[in-house]
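The structure appears right after this line, and notes come after that.
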Amino acid sequence: MKELKDLAIKVTKRVNISLSDGLYADLEVWADQEKSSPTALAGSIVEGAVRSAKLNGVLRTKNPIADYRSFVGLIKQNLSTLVESGKFEANRLKYLMDGNLPTEVELLRIALLIGVSEDYVQALPVKES
C-alpha cells in the first residue's frame with residue numbers, strides 16, 4: 001500500500017467551514033470512534049461526498065476534451081484519484097503510464113473515476129505524438 005501512496009502526487013488545499021456546536025460535538029464523537037481527528041474525518045467525509053457526486057453524475061467537471069491529449073496524459077493528470085480509489089495496483093498504473101493499453105475493465109473504471117465517458121477514453125491516442 002505504501003507503494004501506491006508514493007506513486008500519487010499529493011496536493012492539499014484547505015477549506016474552512018462553520019459547524020453548529022451540536023454538529024461539531026457529533027463530529028468529535030465520530031472522530032474518536034474512528035481514532036481520527038475531527039479535521040481529518042471532515043476531510044474524508046467531504047472527499048467521499050464529492051467522489052460520490054462525480055460517480056452519480058451530480059457533479060460534472062469541466063469539459064475534459066481540451067485537457068487530455070493522450071491516454072498516458074490522462075493517467076498522469078489523474079494519478080492521485082486513481083491511486084486513492086484502491087482499484088489499481090501501483091505496478092499496473094506504472095505499466096499504463098508506460099504506454100500500454102488498459103483492459104476493458106480498467107478502461108471503464110478509469111472513465112468512471114475521472115468522470116468521462118468510456119468512448120472518450122478509448123478515442124484518446126495512447127501517447128502524445
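The values are calculated or read from the model by the stated rules, or taken from the named source; none is laboratory data. This one's a predicted model, so the numbers in the text were calculated from it and none came from an experiment. We place every Cβ from the backbone using ideal geometry, glycine too, and count neighbours over all the protein chains shown.
Observations, loosely collected:
- Residue count for region 68-102, restricted to those that are at pLDDT 95 or above and among the β-branched types (Val, Ile, Thr): 0
- Residue list for region 70-97, restricted to those being more than 19 Å from Ala123 (Cβ to Cβ), basic (Lys, Arg) and without any contact (Cβ under 8 Å) to a residue 60 or more places away in the chain: Lys87, Arg92
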